[in-house]
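First the structure, in the form of structure tokens, and then the observations on it.
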Amino acid sequence: MTTERPLRVAIIGAGPAGTYAADILSKSDLDASIDIIERLPAPFGLVRYGVAPDHPRIKQIIVALANVLGRGDIRLLANVNIGTDLTLEDLREHYDAVIFATGSFHDADLDIPGIDLEGSFGAADFVSWYDGHPDVPRTWPLEAKEVAVFGVGNVALDVARVLSKHVPDLMPTEVPANVVEGLKGSPVTDVHVFGRRGPAQVKFSPLELRELGHVPDVDVIVYPEDFDFDEASMEAAEKNKQTKLVVKTLTDWTLKEPTGASRRIHLRFLQAPHEVLGEDGRVVGVRMERTALQGDGTVKGTGEFIDYPVQAVYRAVGYWGTEIEGVPFNHDRGVIRNEAGRVVTEDGEAVPGFYATGWIKRGPVGLIGHTKSDAQETIANLVEDAPALYANTRATPAQLSPDNLLRLLKDRGVPVVQWKDWEVLDAHERALGEAEGRERVKVVPREEMTDIALGRVSGNDAAAGSGADAAAGGADPAADDDEHAWSI
Ligand SMILES: Cc1cc2nc3c(=O)[nH]c(=O)nc-3n(C[C@H](O)[C@H](O)[C@H](O)COP(=O)(O)OP(=O)(O)OC[C@H]3O[C@@H](n4cnc5c(N)ncnc54)[C@H](O)[C@@H]3O)c2cc1C
Ligand SMILES: NC(=O)c1ccc[n+]([C@@H]2O[C@H](COP(=O)([O-])OP(=O)(O)OC[C@H]3O[C@@H](n4cnc5c(N)ncnc54)[C@H](OP(=O)(O)O)[C@@H]3O)[C@@H](O)[C@H]2O)c1
């Protein structure tokens, strides 16, 4: 496509969806000038802040994402939040098109009595804590001996595994220092993971499930009375390779004797959460309702209740997208309203120049690789719309200059972290890791991250304070005339 100037495109979110979208757009026929705007001081979204630290092989996907973001033709503007640092109006004034790739960060609600008791947590919050997310508290109350996890997806597996793994087995990973300290004191002995449907309906990946069977000093226990297969279950186990493997692993475990390990993960099926039981405002147990399969893989409550004494509950019943004010949002599904990636109003009318991709487009399910096909669809539609995007742009030629947006952010005192700044922080985290024989030790506090990235703190000061709660020494977060921070 021949045009007088490149199409200016902002991608909001530097997770896999945003990064793949940038890559695909940059390789399309359209001449595009692309900024990726990310609210955290670090890129990579849930690959950095969701994928479990003891899954270093999956974390390696960061290398491929970094190859895109560090290539030089796509500009990363991190530590910039859409909604506060920049408004939708700013985006409309500085770009011809905006792609929302903001993913999901919060837990879906579970509306049962007692869910708000002290000791009842969302899995997403726990994940953010153990993965060193800068915007969550640094400490986590790990006081329970017995724990319940609701949900049988891969997040439930991650939570159960991290809760029950002994700290030395996590040490080779990039788990942050404050998390190591927190987990060290955990008295946990039993983690009960509850699925409301049967073994053929669990959402575990076969590999992740099998991994659970190899965690040192942890027994995985399943209960034959929890096993039932209706017609739909049999069909799924026959036709779907994943289901077949998962059912085989679970069924094999019914024959396994516990080894006497000091910690146990109990996988329980056909039990739906009915109530979190409390005493003096704290969790003391869960009441589960036995369910029965209906033939089509769905279940119905039987009216039989079983109580389990637990002192903490984690709901791992899915993530939920966050609304950006002014962008049409489907509150029933927790996604931006869209048709094949084109943002639409409640009446189905296209919102010119707005697109969505990744979890915020499709909902919080699917693996990292799935966000690539999302991006392909969204970008194909954006490229098709390009003539209209040029014709209808609200941006003036001066506003469209990439320098202009950076100047605006500087005027607002936003300490933008660009790719070269991230590289400084990345090198710093790797150096911290190397000193301990680990790949990386994450810097957790947001201010410390930006101070290191922007060279506002010396290596020694940073090393003394990083990895845990310490505030960055010697930094002046208000300083905004640092050449390094604002170079374009
Ligand atoms: C706990 C957990 C573990 C997982 N483990 C695996 C795994 O092992 N393997 C696998 O294949 N998949 C895994 N997944 C799934 C995988 O993480 C997702 O498929 C993928 O991250 C979705 O990509 P995304 O870019 O849509 O969203 P995200 O990865 O969430 O990225 C969205 C980005 O947008 C940014 N953002 C949000 N709001 C704003 C705003 N207002 N302004 C600017 N930026 C904003 C966020 O900070 C974030 O960086 C896991 C998911 C979870 C929850
Ligand atoms: N290692 C990995 O590859 C990895 C790790 C983590 C996450 N991920 C991916 O990230 C995505 C999100 O994972 P996730 O675990 O959050 O979601 P998920 O796979 O959708 O699992 C959610 C679980 O919660 C249950 N649930 C939902 N509402 C419930 C309720 N009201 N009561 C009881 N149970 C309820 C679901 O049961 P029903 O099926 O009955 O609804 C399901 O078992 C998935 O695609 C996952 O594969 C991958």
Has segment 27-35 got at least one residue that is of a type in the set (S, T, Y), away from ligand 2 (no atom under 16 Å from the Cβ) and not in a strand (DSSP E or B)?
yes
If I306 passes every condition in (1) within 15 Å of ligand 2 (Cβ to nearest atom); (2) in contact with a Ser or Thr (Cβ under 6 Å, 6 or more places away or on another chain); (3) not in a helix (DSSP H, G or I) but one, which one does it miss?
(2)
Residues of segment 387-413 classified as part of a loop (DSSP other than H, G, I, E, B) and either of a type in the set (S, T, Y) or in the same structural domain as P176 (by TED's automatic domain parsing) (or both), total
3
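Condition check ((1) within 26 Å of N154 (Cα to Cα); (2) among the small types (G, A, S)) across all residues:
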position	(1), (2)
I11	no, no
D23	no, no
K27	no, no
A32	no, yes
P41	no, no
A52	yes, yes
Q60	yes, no
V68	no, no
R71	no, no
Report yes if some residue within segment 12-23 is surrounded by fewer than 24 Cβ atoms within 10 Å (Cβ to Cβ) and either within 16 Å of ligand 2 (Cβ to nearest atom) or modelled with pLDDT of 95 or more (or both); otherwise report no.
yes
Going by the structure shown, is D111 touching a Leu at 6+ places or on another chain (Cβ under 9 Å) and surrounded by fewer than 17 Cβ atoms within 10 Å (Cβ to Cβ)?
no
Residue among V155, V147, V191 that is surrounded by 21 or more Cβ atoms within 10 Å (Cβ to Cβ), at pLDDT 95 or above and within 13 Å of ligand 2 (Cβ to nearest atom):
V155
Which listed residue is under 22 Å from D54 (Cβ atoms), charged (D, E, K, R) and either within 16 Å of ligand 2 (Cβ to nearest atom) or without any contact (Cβ under 8 Å) to a residue 24 or more places away in the chain (or both), from E384, E436:
E436
Given the structure, is V313 hydrophobic (A, V, I, L, M, F, W, C), touching a helix residue (DSSP H, G or I) at 6+ places or on another chain (Cβ under 9 Å) and within 14 Å of ligand 2 (Cβ to nearest atom)?
no
Of all residues being within 11 Å of ligand 1 (Cβ to nearest atom) and not small (G, A, S) in segment 126-140, which is surrounded by the fewest Cβ atoms within 10 Å (Cβ to Cβ)? Just the residue, please.
D135
Please pick out the residue among K239, K184 that is more than 16 Å from ligand 2 (Cβ to nearest atom), over 24 Å from P309 (Cα atoms), of a type outside the set (G, A, S) and in the same structural domain as I265 (by TED's automatic domain parsing).
K239
Within segment 178-218, track down each residue that is within 27 Å of R290 (Cβ to Cβ), within 16 Å of ligand 1 (Cβ to nearest atom) and either in a helix (DSSP H, G or I) or not β-branched (V, I, T) (or both).
K203, F204, S205, P206, E208, L209, L212
In segment 80-126, how many are over 26 Å from D23 (Cβ atoms), within 16 Å of ligand 2 (Cβ to nearest atom) and not in a loop (DSSP other than H, G, I, E, B)?
9
With (1) away from ligand 1 (no atom under 16 Å from the Cβ); (2) surrounded by 15 or more Cβ atoms within 10 Å (Cβ to Cβ); (3) under 16 Å from L25 (Cβ atoms) as the list, and E384 as the residue in question, which single condition is left unmet?
(2)
Among the β-branched types (V, I, T) and more than 23 Å from V417 (Cα to Cα): is that true of V149 in this structure?
yes
Can you tell me which residues in segment 348-374 are near ligand 1 (Cβ under 10 Å from one of its atoms) and within 22 Å of H94 (Cα to Cα)?
A356, T357
When the residues of segment 1-26 are narrowed to those that are among the hydroxyl-bearing types (S, T, Y) and part of a helix (DSSP H, G or I), which ends up farthest from ligand 1 (Cβ to nearest atom)?
S26
Residue list for segment 445-478, filter: modelled with pLDDT of 95 or more and either in contact with a strand residue (DSSP E or B) (Cβ under 8 Å, 6 or more places away or on another chain) or aliphatic (A, V, I, L, M) (or both)
M449, T450, I452, A453, L454
Looking at D169, D135, D158, which is the one that is touching a residue at least 40 places away in the same chain (Cβ under 8 Å), in a loop (DSSP other than H, G, I, E, B) and of a type outside the set (V, I, T)?
D135
Tally of residues being of a type outside the set (D, E, K, R) and either surrounded by fewer than 21 Cβ atoms within 10 Å (Cβ to Cβ) or without any contact (Cβ under 8 Å) to a residue 24 or more places away in the chain (or both) across segment 270-292:
8
Can you tell me which residues in segment 250-264 are assigned to a loop (DSSP other than H, G, I, E, B) and in contact (Cβ under 8 Å) with a residue 60 or more places away in the chain?
S262
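The values are calculated or read from the model by the stated rules, or taken from the named source; none is laboratory data. Just so it is clear, the model here is predicted, and its values are computed rather than measured. For neighbour counting, all protein chains shown are included, and Cβ atoms are generated from backbone atoms with ideal geometry for every residue, glycine included.
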